[in-house]
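The values are calculated or read from the model by the stated rules, or taken from the named source; none is laboratory data. Just so we're clear, the structure is a prediction, and the values are computed from it rather than from any experiment. For neighbour counting, all protein chains shown are included, and Cβ atoms are generated from backbone atoms with ideal geometry for every residue, glycine included. Surface areas here come from the heavy atoms of the whole protein model, side chains and all, with no ligands, DNA or RNA. Shrake-Rupley method; radii C 1.70, N 1.55, O 1.52, S 1.80 Å.
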Amino acid sequence: MLSQEVIKKLNDQVTKEMFASNLYLSMSSWCFRNRFDGAGQFLFEHAGEESNHAKKLITYLNETDSVVELQSVAKPESNFKSLLDVFEKTYQHELSITQSINDLVSFMLEQKDYSTFNFLQWYVAEQHEEEALFRGIVDKIKLIGEQSNGLYLADQYIKNLSGK
Ligand code: OFO
């Protein structure tokens, strides 16, 4: 049995994961519009992962007989300055999600809710991987350069990360 405060916080995290999913779908479409098909495909798949993160939380809430209250999700931005801008924003977004997960973890410890604390460890590990993944892409775009040839190579590099 989860406390009402824990249920509220987990529901809020569902909204954040759904926002991330929509944000990455929006970024994916910007990439396709700008002929970065590799990045578009990568972000499209990643949006699916974010939606799975939300579903995993919903399943946990259902398993604990808690009320799932879906909230409205804010409109993500749809215009970006460049491929680098897109991935710098994904990286910043992942940092904000990490902060949110860390806050949840601290809260569960304070509350002595060890079951939810344990459940959240999966998200802690996931955030570590995602931060490294997106920071790696930002670094690679900078390294390859933003000239037209460089951008093509960066797009191919990102394409090969699909599914990671
Ligand atoms: Fe990209 O992170 Fe969800 O949790």
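Every residue, every condition in (1) basic (K, R); (2) under 21 Å from M18 (Cβ atoms); (3) in contact (Cβ under 8 Å) with a residue 60 or more places away in the chain; (4) in contact with a Leu (Cβ under 9 Å, 6 or more places away or on another chain), yes or no:
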{"position": "K55", "(1), (2), (3), (4)": "yes, yes, no, no"}
{"position": "L70", "(1), (2), (3), (4)": "no, yes, no, no"}
{"position": "L109", "(1), (2), (3), (4)": "no, no, no, no"}
{"position": "E129", "(1), (2), (3), (4)": "no, yes, no, no"}
{"position": "L143", "(1), (2), (3), (4)": "no, no, no, no"}
{"position": "Q147", "(1), (2), (3), (4)": "no, no, no, no"}
{"position": "L153", "(1), (2), (3), (4)": "no, no, no, no"}
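With respect to G40, is the statement that it is without any contact (Cβ under 8 Å) to a residue 40 or more places away in the chain and farther than 22 Å from Y152 by Cβ true? Spelling it out, it is not the case that G40 is without any contact (Cβ under 8 Å) to a residue 40 or more places away in the chain and farther than 22 Å from Y152 by Cβ.
Applying the criterion of being open to solvent by 70 Å² or more (accessible area, probe 1.4 Å) and over 15 Å from the mean Cα position of the chain (by Cα) to the residues of region 122-145, the residue that is nearest to the ligand (Cβ to nearest atom) is D139. From the list L153, L161, the one residue that fits, being aliphatic (A, V, I, L, M) and part of a helix (DSSP H, G or I), is L153.
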